[in-house]
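K.L.:
Take this structure, written in structure tokens, and hold onto it; I'll ask about it next.
The values are calculated or read from the model by the stated rules, or taken from the named source; none is laboratory data. These numbers were taken from a predicted model, which means no experiment stands behind them. Please note: Cβ atoms are built from the backbone with ideal geometry, for glycine as well, and neighbour counts cover all protein chains shown.
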């Protein structure tokens, strides 16, 4: 009886641990950074951009211009895809179709190859760029490692690659946009990743910028682990968008 009692205690203990871990995982996967009002306003079709909010993606297309190329934007980890709609809108109105995939659990690691589906759905687009913020940028590198021939270029926002997904021997054109005060994708991490990037990669650092302001989310609060920015979100977004358009125009 004592042996059985001891076994029951062990099993009960394991059950408690399992439930605790399950609860933590469920809580983690259900959490997301909510899009701010400015981003949600960009989710509405107007005289410049058509916005389609589909089950699996957000599509933004210019109205009065021919589409120069497609730009697929992987969202940041646990960041609602709508949080990048403002950025997407500003790029789209300059003649690009922007597609923001809705990732499972808002984590691009569960949707690395979503770009293939998107490209297949728009066969009329013959030039494609891939981009992503933070985790979305890292997973864009994973995608590009095996699919660089499909891409005209790659843009990383507070993102970097690692030795496992070394892009240094590919001929893909890359622009890396980071922020001076980023507490998550730090200067050290960006610099460490440089040896795994093509030698002609363009690096831009936004002075006074932080990690959080690469998206439009968080209700003005700094993301955990990040540092407060010394410029406004509008200023950081303006630089980010200008640098993106400069790259798209130069490579299209």
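K.L.:
Of (1) at pLDDT 95 or above; (2) surrounded by fewer than 22 Cβ atoms within 10 Å (Cβ to Cβ); (3) closer than 21 Å to residue 123 by Cβ, residue 107 satisfies all except one. Which?
P.N.:
Evaluating residue 107 over (1) at pLDDT 95 or above; (2) surrounded by fewer than 22 Cβ atoms within 10 Å (Cβ to Cβ); (3) closer than 21 Å to residue 123 by Cβ leaves (3) as the failure.
K.L.:
Residues that are touching a strand residue (DSSP E or B) at 6+ places or on another chain (Cβ under 9 Å), assigned to a strand (DSSP E or B) and either without any contact (Cβ under 8 Å) to a residue 40 or more places away in the chain or surrounded by fewer than 23 Cβ atoms within 10 Å (Cβ to Cβ) (or both): does region 74-93 have at least one?
P.N.:
No, every residue in region 74-93 fails to be touching a strand residue (DSSP E or B) at 6+ places or on another chain (Cβ under 9 Å), assigned to a strand (DSSP E or B) and either without any contact (Cβ under 8 Å) to a residue 40 or more places away in the chain or surrounded by fewer than 23 Cβ atoms within 10 Å (Cβ to Cβ) (or both).
K.L.:
In this structure, is residue 133 surrounded by 18 or more Cβ atoms within 10 Å (Cβ to Cβ) and within 23 Å of residue 219 (Cβ to Cβ)? I'd like the intermediate steps shown before the answer.
P.N.:
Working: surrounded by 18 or more Cβ atoms within 10 Å (Cβ to Cβ): yes; within 23 Å of residue 219 (Cβ to Cβ): yes.
Spelling it out, residue 133 is indeed surrounded by 18 or more Cβ atoms within 10 Å (Cβ to Cβ) and within 23 Å of residue 219 (Cβ to Cβ).
K.L.:
Here is a check on your reading of the model: is residue 177 in a loop (DSSP other than H, G, I, E, B) and at pLDDT 95 or above? Reasoning before the result, please.
P.N.:
Values: in a loop (DSSP other than H, G, I, E, B): no; at pLDDT 95 or above: yes.
It is false that residue 177 is in a loop (DSSP other than H, G, I, E, B) and at pLDDT 95 or above.
K.L.:
Quick one: in region 57-69, which of the residues that are farther than 19 Å from residue 43 by Cβ and at pLDDT 95 or above is nearest to the chain's Cα centre (by Cα)? Don't jump to the end; show me each part of the working.
P.N.:
Step one: list which residues in region 57-69 are farther than 19 Å from residue 43 by Cβ, which gives 64-69.
If we keep only those that are at pLDDT 95 or above too, we end up with 67-69.
Working: 67: 22, 68: 22, 69: 19 Å.
Among those residues, the one meeting the criterion is 69.
K.L.:
In this structure, is residue 212 surrounded by fewer than 22 Cβ atoms within 10 Å (Cβ to Cβ) and in contact with a helix residue (DSSP H, G or I) (Cβ under 7 Å, 6 or more places away or on another chain)? Walk me through how you get there before you give the answer.
P.N.:
Details: surrounded by fewer than 22 Cβ atoms within 10 Å (Cβ to Cβ): no; in contact with a helix residue (DSSP H, G or I) (Cβ under 7 Å, 6 or more places away or on another chain): yes.
No; evaluated as a whole, the condition is false for this residue.
K.L.:
Scan region 52-66 for residues that are under 9 Å from residue 96 (Cα atoms) and either surrounded by 16 or more Cβ atoms within 10 Å (Cβ to Cβ) or free of Cβ contacts under 8 Å to residues at least 24 places away in the same chain (or both) and jot them down.
P.N.:
Of all residues in region 52-66, those under 9 Å from residue 96 (Cα atoms) come to 60-62, 65-66.
60, 61, 62 - these are the residues of region 52-66 that are under 9 Å from residue 96 (Cα atoms) and either surrounded by 16 or more Cβ atoms within 10 Å (Cβ to Cβ) or free of Cβ contacts under 8 Å to residues at least 24 places away in the same chain (or both).
K.L.:
Follow-up question, since we're still on this one. Of 120, 113, which residue is closer than 19 Å to residue 67 by Cα and out of contact with any strand residue (DSSP E or B) (no Cβ under 9 Å at 6 or more places or on another chain)?
P.N.:
On the way: 113 fails: closer than 19 Å to residue 67 by Cα.
120 is the lone residue from the list that is closer than 19 Å to residue 67 by Cα and out of contact with any strand residue (DSSP E or B) (no Cβ under 9 Å at 6 or more places or on another chain).
K.L.:
Only one of (1) in contact with a strand residue (DSSP E or B) (Cβ under 7 Å, 6 or more places away or on another chain); (2) closer than 19 Å to residue 239 by Cβ fails for residue 181. Which number is that?
P.N.:
So residue 181 meets the others, but not (1).
K.L.:
Return the residue satisfying two criteria in turn: it lies in region 141-160 and is more than 13 Å from the chain's Cα centre (by Cα) and within 12 Å of residue 197 (Cα to Cα), and of such residues it is surrounded by the fewest Cβ atoms within 10 Å (Cβ to Cβ). Write out each step before concluding.
P.N.:
Narrowing region 141-160 to residues more than 13 Å from the chain's Cα centre (by Cα): 144-153.
Going one step further and asking which of them are within 12 Å of residue 197 (Cα to Cα), we end up with 144-145.
Working: 144: 24, 145: 17.
Once the filter is applied, the top-ranked residue is 145.
K.L.:
Are any of the residues in region 165-172 surrounded by fewer than 16 Cβ atoms within 10 Å (Cβ to Cβ) and either assigned to a strand (DSSP E or B) or within 18 Å of the chain's Cα centre (by Cα) (or both)?
P.N.:
no
K.L.:
What pairs come up if the first residue lies in region 171-189 and is closer than 21 Å to residue 143 by Cβ, the second is crowded, with 22+ Cβ neighbours inside 10 Å and modelled with pLDDT under 95, and their beta carbons are under 6 Å apart, counting only those six or more places apart or on different chains?
P.N.:
Listed by first residue and then by second, the contacts come to nothing, as the list is empty.
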